[in-house]
1. Can you tell which of Ala136, Ala20, Ala42 shows the greatest fluctuation in a Gaussian network model of the chain with Cα springs below 10 Å?
2. Test of understanding: extend the Cα→C-beta vector of Glu8 to 7 Å, then name every residue of region 151-173 with backbone N under 13 Å from that spot.
3. If you place +1 on the Cβ of every Lys and Arg and -1 on the Cβ of every Asp and Glu, how big does the dipole about the Cα centre of region 139-289 come out, in debye to the nearest 20?
4. Over all distinct alpha-carbon pairs, what is the Kirkwood Rh of the chain in angstrom?
5. Report, by chain and number, residues whose modeled amide H sits under 5 Å from the one on Ser265, excluding near sequence neighbours (fewer than 5 apart, same chain).
6. If I stretch the segment between Ala51 and Glu300 completely, what's the gain in nm (0.36 nm per residue apart, minus their alpha carbon distance), one decimal?
7. Can you check what the net charge comes to around Asp249, using other residues whose Cβ is under 12 Å from the Cβ of Asp249 (Lys, Arg +1; Asp, Glu -1)?
8. Tell me, what ³J(HN,Hα) does each residue in region 258-267 have, in order and in whole Hz, if you take phi through Karplus 6.51 cos²θ - 1.76 cosθ + 1.60 with θ = phi - 60° and put x for Gly and Pro?
Amino acid sequence: MTGTSQPELLTPDAQGLGRAARLLAEGRLVAVPTETVYGLAARADSDEAVAAIYRAKGRPDFNPLIVHVPDQAAAKRIAVFDDRARLLAERFWPGALTLVLPLREDSGLAKAVTAGLPTVALRCPAHPVMRALLEASGLPLAAPSANRSGAVSPTSAAHVRASLGASVDAIVDGGPCELGLESTIVALRHGGGWDVLRPGPVSESEIEAVLGKSAKSVAGGGIESPGQLGSHYSPGKKMRLDAAIATGDEFHIGFGGIEGHVCMSSRGDLAEAAARLYAVLHEAEASPLPKIAVAPIPAEGIGLAIRDRLRRAAA
Ligand code: TXA
Ligand code: MG
């Protein structure tokens, strides 16, 4: 698929999107902005194209991928949609919610996308560039975050380039991602239960408002979502959380009244902090200081998802 040359940088205009859609049709890898993070996209119906994603990310192949679709109709061709799925899709799509649903036998997806599971993770993204590519290609697109497996997720084209380099064929530069945290993943269980597998921009209480409280379903056993893995999103340095003060060898990430070397949001705005989280983790990683300390983040709203990512980055 890819050579040793650097990826093509594409602009999100008609010409760039046309080129990106052609590359995708040929089974190549294109990094694409979404409202959450940049995705490493490939056609989800091709074994070779999906294998290329796993290779480029260095991702263990038991980790299934999210499939992106333009609308509910496309989602229904891939997964079994019950009333709950329909209600959630009507409320939150297009947007930062991924639904784990039973896979249809005639879905046409490459086996590796779901890593052999009987379920599939589907998301209908809101970002105009990703939407334009879904339209132009007419294909469901598998797209994990566009970073090496386990590393900090990308919220800019520069992050993608630094993490994946020549292992991606092209990058569409759509500027920084607005939300900055990966989508919330919800699994709908047989018998009415549901679980949040990965916290994200859509909060558990917003989902509860649509579905009602989940009779906590029996834990499936084992890891279902790498969002659940202990260590993930790692900047590769020792990291300390809830640190109001840093020591001399720590790069301090601030929030609210705590300035630090770099501040996630000086006005203490959690949405701004979420949008900047991965960018400041990339900065912390690049700093000559050997360790990282992070100011306290309130455990409310999207702060819960930020704290989840920080815990895993520190593990
Ligand atoms: O915001 C996002 O969701 C971004 C953008 C690019 O859309 N994508 C993303 O993909 O975060 P990725 O591959 O980094 O995360 C996919 C997550 C993993 O935690 C994976 O285990 C989970 O989705 N997943 C995929 N299929 C699943 C399934 N059938 N059952 C449970 N979890 C699944
Ligand atoms: Mg990821």
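What follows draws every value from the coordinates through simple rules; no lab data is involved. As the structure is a computational prediction, the values presented were derived from the model and not from experiment. Ideal geometry is used to build each Cβ from the backbone, glycine not excepted, and the neighbour counts take in all protein chains shown.
1. Ala136
2. Backbone N within reach: 169-173.
3. Using Cβ point charges on Lys, Arg, Asp and Glu, region 139-289 gives about 360 debye.
4. 19.7 Å
5. Correct list: Gly256.
6. Length difference between fully extended and current span is 85.8 nm.
7. For residues surrounding Asp249, the net value is +3.
8. Listing the rounded values in order: 9, 5, x, 6, 8, 10, 5, 6, 5, 8 Hz.
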